[in-house]
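Trainee: Pasting a structure below so you can have a look.
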Amino acid sequence: MGRSLGSASALELAATRQDSIDRLIIESGFAHAAPLLKTLGLDPDMIGFQETQGFGNADKIRHWNKPLLIIHAQFDHIIDFSQGEALYNLCPSADKDLLMIPGANHNDIFIKGFDQYMDSLKTFLIPPNESE
């Protein structure tokens, strides 16, 4: 599991150690670094940033074919919801889910969506025959 900037670490591990990982959870993750730089007050064009110099999250998730859960706040003010959607859409896994936490932002996602968040984790992590 990786949250926010930690999504880059989780996706790196998923890309390089897929044989050792059964499931992947990304919370408030990003597909592309340039929008995140803009949010942090940096102009990617002005500093000569190219996406190929970034984390490569979009490329890494294209190779993930195991269960994936993406959790993202509807009104995330640091990493826009569209970044979570992009990760979801780029992933080829047939077993994937995107949970949007309504009304939440980057820092209150767990509080505002506690029940949905926990239910989603339970469904994702505990196979149906084990939850009884």
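The values are calculated or read from the model by the stated rules, or taken from the named source; none is laboratory data. Computed from a predicted model, the values in this text were never measured in an experiment. So basically every Cβ, Gly included, is an ideal-geometry build from the backbone, and we count neighbours across all protein chains shown. These accessible areas exclude ligands, DNA and RNA; they are computed on the full protein's heavy atoms, side chains included. Shrake-Rupley method; radii C 1.70, N 1.55, O 1.52, S 1.80 Å.
Trainee: So which residues in the stretch 1-32 are among the small types (Gly, Ala, Ser) and either open to solvent by 10 Å² or more (accessible area, probe 1.4 Å) or on the phi < 0 side of the Ramachandran plot (or both), if there are any at all?
Mentor: Going residue by residue through the stretch 1-32, those that are among the small types (Gly, Ala, Ser) are 2, 4, 6-10, 14-15, 20, 28-29, 31.
Within the stretch 1-32, 2, 4, 6, 7, 8, 9, 10, 14, 15, 20, 29, 31 qualify.
Trainee: Within the group 74, 83, which residue is out of contact with any strand residue (DSSP E or B) (no Cβ under 6 Å at 6 or more places or on another chain) and not hydrophobic (A, V, I, L, M, F, W, C)?
Mentor: Working: 74 fails: out of contact with any strand residue (DSSP E or B) (no Cβ under 6 Å at 6 or more places or on another chain).
None of the others qualify; the one that does is 83.
Trainee: Looking only at the stretch 66-111, which residues are in contact with a Lys or Arg (Cβ under 6 Å, 6 or more places away or on another chain), of a type in the set (A, V, I, L, M) and under 13 Å from residue 25 (Cβ atoms)?
Mentor: Across the stretch 66-111, the qualifying residue is only 68.
Trainee: From 68, 36, grab the single residue that is over 20 Å from residue 95 (Cα atoms) and either modelled with pLDDT of 95 or more or in contact with a helix residue (DSSP H, G or I) (Cβ under 9 Å, 6 or more places away or on another chain) (or both). Outline the logic, then answer.
Mentor: On the way: 68 fails: over 20 Å from residue 95 (Cα atoms).
Just one listed residue meets the conditions, 36.
Trainee: Assigned to a loop (DSSP other than H, G, I, E, B), buried (at least 21 other Cβ atoms within 10 Å of the Cβ) and not aromatic (Phe, Trp, Tyr), is that true of residue 104? Before the answer, list the steps.
Mentor: Details: assigned to a loop (DSSP other than H, G, I, E, B): yes; buried (at least 21 other Cβ atoms within 10 Å of the Cβ): yes; not aromatic (Phe, Trp, Tyr): yes.
Against the criterion (assigned to a loop (DSSP other than H, G, I, E, B), buried (at least 21 other Cβ atoms within 10 Å of the Cβ) and not aromatic (Phe, Trp, Tyr)), residue 104 qualifies.
Residues are listed down the side, and each one gets a yes or a no for (1) without any contact (Cβ under 8 Å) to a residue 12 or more places away in the chain; (2) part of a helix (DSSP H, G or I); (3) exposed (fewer than 15 other Cβ atoms within 10 Å of the Cβ):
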{"position": "34", "(1), (2), (3)": "no, yes, no"}
{"position": "69", "(1), (2), (3)": "no, no, no"}
{"position": "87", "(1), (2), (3)": "no, yes, no"}
{"position": "100", "(1), (2), (3)": "no, no, no"}
{"position": "118", "(1), (2), (3)": "yes, yes, yes"}
{"position": "121", "(1), (2), (3)": "no, yes, no"}
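Trainee: Something else: Considering only residues that are part of a loop (DSSP other than H, G, I, E, B) and of a type in the set (Lys, Arg), which ones fall in the stretch 36-47?
Mentor: Keep residues of the stretch 36-47 that are part of a loop (DSSP other than H, G, I, E, B), which gives 40-47.
Correct list: empty.
Trainee: Sticking with this structure for a sec: Tally time: how many residues in the stretch 52-67 are part of a helix (DSSP H, G or I) and open to solvent by 30 Å² or more (accessible area, probe 1.4 Å)? If you could, list the steps in order and put the result at the bottom.
Mentor: At the first step, the residues of the stretch 52-67 found to be part of a helix (DSSP H, G or I) are 52-53, 57-61.
So of that shortlist, the ones also open to solvent by 30 Å² or more (accessible area, probe 1.4 Å) come out as 52-53, 59-60.
Number satisfying all stated conditions: 4.
Trainee: Would the stretch 37-51 turn up any residue that is within 11 Å of the chain's Cα centre (by Cα) and buried (at least 16 other Cβ atoms within 10 Å of the Cβ)? So that I can check it myself, show each step before the final result.
Mentor: Our first condition is that a residue be within 11 Å of the chain's Cα centre (by Cα); within the stretch 37-51, this holds for none.
No, the conditions are met nowhere in the stretch 37-51.
Trainee: A further question follows. Please go through the stretch 9-32 and give me each residue that is in contact (Cβ under 8 Å) with a residue 40 or more places away in the chain, outside any strand (DSSP E or B) and over 15 Å from residue 90 (Cα atoms), ordered by number. Let's see the steps before the verdict.
Mentor: First, pick out the residues of the stretch 9-32 that are in contact (Cβ under 8 Å) with a residue 40 or more places away in the chain: 11-12, 14-15, 18, 21-32.
If we keep only those that are outside any strand (DSSP E or B) as well, we get 11-12, 14-15, 18, 21-23, 28-32.
Result: 12, 18, 21, 22, 23, 28.
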